[in-house]
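First comes the structure, then the notes that go with it.
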Amino acid sequence: MSFTNIDFQHTYVSGEPTDGSEYQYRPNGIPQQLLNASGALVDYVRQIFVDTIGAKDYYLYWFGGSDWANYTRVYPTGNFYVYARSAGAGTNSMYLDQVVSGAGTTNQVTKRLGQFYAVNNEPFDWVPLTDDGLVAPVVVKLGGANTLRISTTTGNCYPNYFMLVSASGITLSAVRSGSNASISFPTQVGDTYRVFYRADLTTGNWILLTTVLGNGSVKSVSDPLTGSQRFYKVTSP
């Protein structure tokens with residue numbers, strides 16, 4: 001059982017069924033639809049559901065602007081990139097927050113973790129969690145029981161589930177070389193690496209400097225010195 005303003009918030013959408021026929025996963029909340037239903041929004045069914053509940057898998061269907069849903073789980077411990085398996089019509093965005101206090105009450109305080117942004121991702125696609133710049137991936141630190149919240153301001157998006165990918169660090173070095181900063185890091189053959197920078201270590205969006213294809217050696221990229229400080233990070237992908 002889920003409760004409005006505690007586990008979810010939902011505003012009725014014109015055309016939405018009111019007989020409860022799409023509330024099969026949760027008895028109340030944001031309506032769900034079977035993943036393997038007819039129509040454009042069809043994706044593969046995860047094996048865990050095939051083995052346990054006869055191939056039934058659901059996604060949030062009537063997920064409109066101002067809607068949100070909480071998911072309390074015991075999460076693995078570590079630093080993770082987060083991907084949403086989601087579909088959407090046109091430009092659509094969702095946000096991921098962490099409930100930092102008041103979980104289980106109507107007075108919850110949340111912390112913004114990042115944004116899922118996509119354009120015409122039909123049928124389903126993997127959408128990465130990024131900062132507000134919509135380019136640099138966000139690293140989320142998890143461990144133990146936590147409540148995460150997914151919300152949308154645009155609607156027209158149909159989230160199914162999250163995937164957590166371990167964010168192992170890439171060691172880099174930055175040294176001055178003439179009038180440039182030289183950023184070096186190890187690579188693996190065939191992997192793509194993205195180098196980002198920003199002026200403040202704790203605030204602001206990461207800006208993409210360049211993209212590098214790995215070949216198994218240490219790669220170096222240059223960034224002209226501007227007279228102001230810059231911080232760098234490398235991600236793959």
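The values are calculated or read from the model by the stated rules, or taken from the named source; none is laboratory data. On a predicted model such as this, the values are computed, not experimentally measured, just so you know. Neighbour counts are summed over all protein chains in view; Cβ atoms, including those assigned to glycine, are modelled from backbone coordinates with ideal geometry. When the accessible area is computed, the model is the full protein with side chains, heavy atoms only, and any ligands, DNA or RNA have been set aside. Shrake-Rupley method; radii C 1.70, N 1.55, O 1.52, S 1.80 Å.
Could you compute the FRET efficiency for Thr52 and Glu122, with r as their C-beta to C-beta distance and R0 at 41 Å, rounded to 0.05?
Once rounded, the FRET efficiency stands at 0.90.
Per residue, how large is the accessible surface of the chain? Use a 1.4 angstrom probe and give square angstrom.
I get 52 Å² per residue for the chain.
Based on the Cβ-Cβ distance from Ser101 to Asp19, what FRET efficiency comes out when R0 is 35 Å, to the nearest 0.05?
Between Ser101 and Asp19 the formula returns 0.45.
Just to check, using Stokes-Einstein with a Kirkwood Rh over alpha carbon pairs, what's the diffusion coefficient of the chain at 25 °C and 0.890 mPa s in µm²/s?
123 µm²/s
When the chain is treated as a GNM, springs tying every alpha-carbon pair under 10 Å, which of Ser166, Ser179, Ser86 comes out with the largest mean-square fluctuation?
Ser179
Once you have the Cα-Cα distance between Asn79 and Leu134, take 0.36 nm times their residue separation minus that, and quote the gain in nm to one decimal.
Computed gain between Asn79 and Leu134 is 17.8 nm.
Whole percent per 5 Å bin, from 0 to the bin with the longest distance: what is P(r) over all C-alpha pairs of segment 113-237?
2, 9, 16, 19, 17, 15, 10, 7, 4, 1, 0
Hey, how many Å between the Cα centroid of segment 193-228 and the Cα centroid of segment 68-134?
So the two Cα centres are separated by 26 Å.
Quick check: pseudo-label points 7 Å beyond the Cα along Cα→Cβ at Thr226 and Arg176, how many nm apart are they?
1.8 nm
If each residue of separation counts as 0.36 nm, what is the full-extension length gain between Thr11 and Thr154 once their alpha-carbon separation is subtracted?
Between Thr11 and Thr154, full extension yields an extra 50.2 nm.
In nm, to one decimal, how far is the Thr72 label point from the Thr203 one, both placed 7 Å along Cα→Cβ?
3.4 nm
With springs only between Cα atoms under 10 Å apart, run a GNM on the chain and tell me which of Phe49, Phe80, Phe185 wobbles the most.
Sorting by GNM fluctuation, first place goes to Phe49.
Using a 1.4 Å probe over the heavy atoms of the protein chains, calculate the carbon and sulfur portion of the accessible area of the chain as a whole percent.
The nonpolar share, carbon plus sulfur, comes to 53 percent.
Per DSSP helix of 4 or more residues, -39500 (n - 2.57); summed, then divided by the residues of the chain. What does that give at 222 nm, rounded to the nearest 500?
Per the formula, -500 deg cm²/dmol.
Take Met163, project a point 7 Å from its Cα along the Cβ direction, then tell me which residues of segment 172-206 have their backbone nitrogen under 16 Å from it.
Hits in segment 172-206 for Met163 at 16 Å: 192.
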